[in-house]
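Here the structure comes first, spelled out in structure tokens, and everything after it is commentary.
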Amino acid sequence: MNSKVYTVEEATKKIEYYCSYQDRCHDEVITKLKSLGIVPQVIDHIIVHLIEHNFLNEERFACSFARGKHNIKKWGKFRIENELKLRNISKYNITKALKEILPETYIENFHLLAEKQWDAVFEKNLLKKKKKVGDYLLRKGWESYLVYDKLEELSRSH
């Protein structure tokens, strides 16, 4: 627990800064405010202020989260969707966020990641190699039909 006691104005300024350098979801902001020792009634007041002043926008958060996790971490749609659900993002915003990823970019990133992982796994036994690469891609949240089709293609060509 934080030992400093914050006024509503101090807590608001601190959380505005917290939201300004990276998009946040409501849950992250509430957790941060609780860690500052802010009481629930004041948290509600600050959340309303943040939304009214566009520091907190769940749709914007979901869209930037989806784009970032796909482009940087190469996550598939299942993983992105599950991570957004864990953050209590609405189904509407999750659907909107997943539309941020262009289908051609999605497939291109999948093929690049699969081929890179295939080349990185040094396993003589073809079945074991397919399992290792497949498990990796499934953990990243890629659709199983994409994974299995790609594994067949890779095992034939290598």
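The values are calculated or read from the model by the stated rules, or taken from the named source; none is laboratory data. Worth saying up front: this structure is predicted, and the values here are computed from it rather than measured. Every residue, glycine among them, receives a Cβ derived from its backbone with ideal geometry; neighbour counts consider all protein chains shown.
From Asn82, Asn54, which residue is at pLDDT 95 or above and at positive phi?
Numbers: Asn82 fails: at positive phi.
None of the others qualify; the one that does is Asn54.
Being surrounded by fewer than 19 Cβ atoms within 10 Å (Cβ to Cβ), on the phi < 0 side of the Ramachandran plot and not in a loop (DSSP other than H, G, I, E, B) narrows it down to one of Lys69, Lys14, Lys73, so name that one. So that I can check it myself, show each step before the final result.
Working: Lys69 fails: surrounded by fewer than 19 Cβ atoms within 10 Å (Cβ to Cβ); Lys73 fails: not in a loop (DSSP other than H, G, I, E, B).
None of the other options fit; the residue is Lys14.
Checking the conditions here, which among Val121, Val48 is under 22 Å from Ile15 (Cα atoms), hydrophobic (A, V, I, L, M, F, W, C) and free of Cβ contacts under 8 Å to residues at least 40 places away in the same chain? Please lay out each step first, then the result.
Values: Val121 fails: under 22 Å from Ile15 (Cα atoms).
Result: Val48 is the single residue among Val121, Val48 that is under 22 Å from Ile15 (Cα atoms), hydrophobic (A, V, I, L, M, F, W, C) and free of Cβ contacts under 8 Å to residues at least 40 places away in the same chain.
What tally of residues in the range 28-44 results from selecting those that are loosely packed, with under 14 Cβ neighbours inside 10 Å and assigned to a helix (DSSP H, G or I)?
Of the residues in the range 28-44, 5 are loosely packed, with under 14 Cβ neighbours inside 10 Å and assigned to a helix (DSSP H, G or I).
Between residues in the range 71-82 that are acidic (Asp, Glu) and residues that are surrounded by 19 or more Cβ atoms within 10 Å (Cβ to Cβ) and not in a loop (DSSP other than H, G, I, E, B), which pairs lie under 6 Å by C-beta distance while being six or more apart or on different chains?
That search, which allows pairs on different chains as well, returns Glu81/Ile94.
Got a sec? Which of Lys128, Lys96, Lys132 is assigned to a helix (DSSP H, G or I), closer than 30 Å to Ser155 by Cβ, touching an Asp or Glu at 6+ places or on another chain (Cβ under 7 Å) and without any contact (Cβ under 8 Å) to a residue 40 or more places away in the chain? Steps first, please.
Working: Lys128 fails: touching an Asp or Glu at 6+ places or on another chain (Cβ under 7 Å); Lys96 fails: closer than 30 Å to Ser155 by Cβ.
Lys132 is the lone residue from the list that is assigned to a helix (DSSP H, G or I), closer than 30 Å to Ser155 by Cβ, touching an Asp or Glu at 6+ places or on another chain (Cβ under 7 Å) and without any contact (Cβ under 8 Å) to a residue 40 or more places away in the chain.
Residue under question is Lys4, and the condition is that it be modelled with pLDDT under 95, more than 29 Å from Gly141 (Cβ to Cβ) and basic (Lys, Arg); does it hold? Spell out the reasoning first.
Working: modelled with pLDDT under 95: yes; more than 29 Å from Gly141 (Cβ to Cβ): yes; basic (Lys, Arg): yes.
Yes; evaluated as a whole, the condition is true for this residue.
Determine whether the range 108-126 contains at least one residue that is modelled with pLDDT of 95 or more, surrounded by 11 or more Cβ atoms within 10 Å (Cβ to Cβ) and within 28 Å of Glu28 (Cα to Cα).
Looking for residues that are modelled with pLDDT of 95 or more, surrounded by 11 or more Cβ atoms within 10 Å (Cβ to Cβ) and within 28 Å of Glu28 (Cα to Cα), one finds none in the range 108-126, hence no.
Give me a count of the residues in the range 31-64 that are more than 27 Å from Glu100 (Cα to Cα) and not hydroxyl-bearing (Ser, Thr, Tyr).
Residues that pass the stated criteria total 15.
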